[in-house]
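Engineer: Below you will find the structure I want to go over with you.
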Amino acid sequence: MAMSAPAAKTSFDGTWSVVVVTEQGDCDRAYRYPIRIKNDGSLENAGSTSFDISGKVASDGKLIVRLSYGGKSATGQGRLSGAGGEGRWSGGSCAGVWTAERRS
């Protein structure tokens, strides 16, 4: 009976703090989300605030994400590198930038 190998750990696994800043539209000016990147590159909520997140981080750090909170949703894309990252997001009539910082 063959056993499957465990998922390979990527250099981005762990907890990240992501700050989302609005540049266009009447959405909240800024908000911070705690996010965990799992061994397979998938994303999950790492905090106590109720929000839904889905997406994936590739081995080269590129990511695409969808986040929903308070009846609104947005999509984002960008790149992680080392202990940080940045990108752009949009949703509804709003758009802006995001930055990420590794916490663990």
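We did not get these values from a lab; they are worked out from the coordinates using the rules stated. Remember, it's a predicted structure, so these values are computed and weren't measured experimentally. Cβ sites come from the backbone with ideal geometry, for glycine too, and all protein chains shown count toward neighbours.
Engineer: Counting only C-alpha contacts under 8 Å and six or more residues apart, can you give the relative contact order of the chain as a whole percent?
Structural biologist: Reported relative contact order: 27 percent.
Engineer: Not counting the cut sites, what is the longest span of the chain without trypsin sites (Lys or Arg not before Pro) that DSSP labels loop and that have at most 13 other Cβ atoms within 10 Å?
Structural biologist: 30-102
Engineer: What FRET efficiency would be calculated for the residue pair ASP28, ARG79, taking the C-beta separation as r and a Förster radius of 35 Å, to the nearest 0.05?
Structural biologist: The pair ASP28/ARG79 has a calculated efficiency of 0.90.
Engineer: Just for the Cα atoms in segment 4-80, what are the lengths along the principal axes, largest first, rounded to whole Å?
Structural biologist: Result, largest extent first: 47, 25, 17 Å.
Engineer: Another question, then. Tell me which aspartates and glutamates have Cα within less than 13 Å of LYS56's Cα, excluding those fewer than 8 residues away on the same chain?
Structural biologist: Those aspartates and glutamates meeting the cut-off are ASP13, ASP40, GLU44.
Engineer: Can I ask one more? What residue among ASP28, ASP52, ASP13 has the largest mean-square fluctuation in a Gaussian network model of the chain, using Cα springs under 10 Å?
Structural biologist: Maximum fluctuation in the GNM of the chain, among the listed residues, is at ASP28.
Engineer: Tell me which aspartates and glutamates have Cα within less than 13 Å of LYS72's Cα, excluding those fewer than 8 residues away on the same chain?
Structural biologist: Leaving aside aspartates and glutamates fewer than 8 places away in the same chain, those within reach of LYS72 are ASP26, ASP28, ASP52.
Engineer: Would you tally the net charge around ALA46, using a Cβ to Cβ cut-off of less than 15 Å, leaving ALA46 out, and scoring K and R as +1, D and E as -1? Each step should come with its number before you reach the end.
Structural biologist: Values: positive: ARG32, ARG36, LYS38, ARG102, ARG103; negative: ASP13, GLU44, ASP52, GLU101.
That sum, taken over residues with Cβ under 15 Å, equals +1.
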